[in-house]
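Read through the structure below, which is laid out as structure tokens, and then see the notes.
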Amino acid sequence: MAYKILVLKGDGIGPEVVGEALQVLKIIARRSAVDMEFKEGIIGGHAIDASGTPLPDEVLKLAQESDAILLGAVGGPKWDNPSAEKRPEQALLGLRKALGLFANVRPVKTVKELIAASPLKPEVISGVDLVVIRELTGGIYYGKPSEKRTSKEGREAVDTCFYSEAEIARVLRFGFELARERRKKLTSVDKANVLSTSRLWREIATELSAEFKEVAFENQLVDSMAMHLLRRPKDFDVIVTENMFGDILTDEASVLAGSMGMLPSASLGEELNSGGYRVGLYEPIHGSAPDIAGRDEANPLAAILSAAMLLEHSLGMRPEAELIVQAVDEVIRDGHRTRDLHGGGGTKTIGCKAMGRLVREKIESEEG
Ligand code: IPM
Ligand code: MG
């Protein structure tokens, strides 16, 4: 049996960074006894151009038949008109929803050698090791109605934030189970002083915390959390929050790691794949960076680390995942930096391809 892995390179720097990550996966496939079958599909702006829709039916079908999906990024100035009916971002939202990927796992760790690349003080960020679990298939991203319309008073628009008890409980449970395996601390983030959905969120989080007595539990309001995250990031272990708060907090948290170019993510659901592991979508948290696309300047490490998460969560290949993480660490330690890591010490600024090649060489050198 071969694991079916769907590769969706997408727009902007997506093809470059995923190209490097894919080569890493191919090396791992070769050195292990695990069979991997790679298929490619179009998504985002490219898919709009080629087929008139950001997530063509046949690509969605391929995704539904896959054991894991590796994705680059979607979007770019060409498709930027916010009032256009078809937008690249719809592909992402559609995939997440269709595959039931409710738990978005975004680990944030500082790398010692890159601390100087962050604008934050070294003593504040050294040793940060936290995971944000962002609810990914509910909340204001999906609630109906969501539209711009015209009333007697003029233009108006509405978005709806909706959460059911089941949606809140499953992602919090995911977070508590993860916290139990880590440093046993969970911070639930909401806006319970204002929003009804947040009050329900807090109620359920507090109820669930009674089931996980070994996990230290706290609630935080999202506005003060935004501040705590920069002032005392080392105090956090697992942070669980709803869709939009998680979107915002994870971009903020990326500053702790020095660059968005370092941060991978996994989006997981309840469905198990042919190997008995969770089906997942893996992507760097950075966007399509159209300004540097096609110039061999992008940092492929977030995509490569996303491939490592894919191996761990969807293929059960933890040692291989760790090998990749170690290879990335060593390349950084050797002083190699892509442009985004400038200011993070090191000696040489290198391109996307060279960075990918160095990581692969490290992995291969472990072989013998
Ligand atoms: C993310 C991105 C997406 C989101 C966009 C591209 C739709 O910002 O994955 O964080 O808002 O979820
Ligand atoms: Mg985002």
**Report entry** the range 54-124 pair-distance distribution - Cα-Cα, 5 Å bins, rounded %
**Finding:** 3, 11, 18, 16, 11, 12, 12, 11, 5, 1
Requested in this report: Could you state, as a whole-number percent, how many of the C-alpha pairs of the range 61-177 are farther apart than 23 Å?
Outcome: 55 percent
Query raised in the report: For the range 246-360, what number results from the quotient of the Cα radius of gyration and 2.2 N^0.38 Å?
Result: 1.11
Query raised in the report: What percent antiparallel are the DSSP beta bridges of the chain, to the nearest 5?
Result: 40 percent
Report task. Report the residues of the range 164-190 in range of a label on SER224: point 7 Å along Cα→C-beta, backbone N strictly under 17 Å from it. Result -> 186-190
Query raised in the report: Which values, in whole Å and largest first, are the semi-axes of the equivalent ellipsoid of the chain obtained as the square root of 5 times each eigenvalue of the Cα gyration tensor?
Result: 30, 26, 22
Report summary line: Output ordering of 214-220, 72-78 (per-residue mean of other Cβ within 10 Å, highest first) is 72-78, 214-220
Report task. Given a cut-off of 24 Å, name the pairs among LYS39/LYS97; LYS9/LYS121; LYS152/LYS191 whose C-alpha atoms lie farther apart than that in the structure shown. Result -> LYS9/LYS121; LYS152/LYS191
Query raised in the report: Taking 1 over the mean of 1/r across every pair of different Cα atoms in the range 244-311, what Kirkwood radius in Å do you get?
Result: 13.3 Å
Query - Pairwise centroid distance, computed over Cα atoms, of the range 223-251 with the range 279-331, Å - result: 22 Å
Query - Computed helical MRE - 222 nm, the chain, DSSP H runs ≥ 4 contributing -39500 (n - 2.57), nearest 500 - result: -12000 deg cm²/dmol
**Report entry** All-pairs Cα distance distribution in the range 119-257, expressed in whole percent, bin size 5 Å
**Finding:** 2, 10, 19, 20, 18, 12, 8, 5, 3, 2, 1, 0
Query - Listed residues GLY351, THR110, PHE176: farthest to the positive end of the dipole of the chain (Cβ charges) - result: THR110
Query - Whole-number percent relative contact order across the range 1-88, with pairs defined as alpha carbons under 8 Å at least 6 apart - result: 43 percent
Query raised in the report: Dipole magnitude of the chain about its Cα centre, charges +1 at Lys/Arg Cβ and -1 at Asp/Glu Cβ only, in debye to the nearest 20?
Result: 440 debye
Report task. For the chain, calculate the relative contact order in percent as a whole number, restricting contacts to Cα pairs under 8 Å that are 6 or more residues apart. Result -> 22 percent
Report summary line: Measuring from its Cα centre, the range 119-257 shows a charge dipole (+1 at each Lys and Arg Cβ, -1 at each Asp and Glu Cβ) which, in debye to the nearest 20, is 140 debye
Report summary line: Most packed first (mean Cβ within 10 Å per residue), the peptides 143-154, 310-321 order as 310-321, 143-154
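Here, each number is a calculation from the coordinates, and none is a lab measurement. Keep in mind that this is a model prediction, so the values were computed, not measured. So basically every Cβ, Gly included, is an ideal-geometry build from the backbone, and we count neighbours across all protein chains shown.
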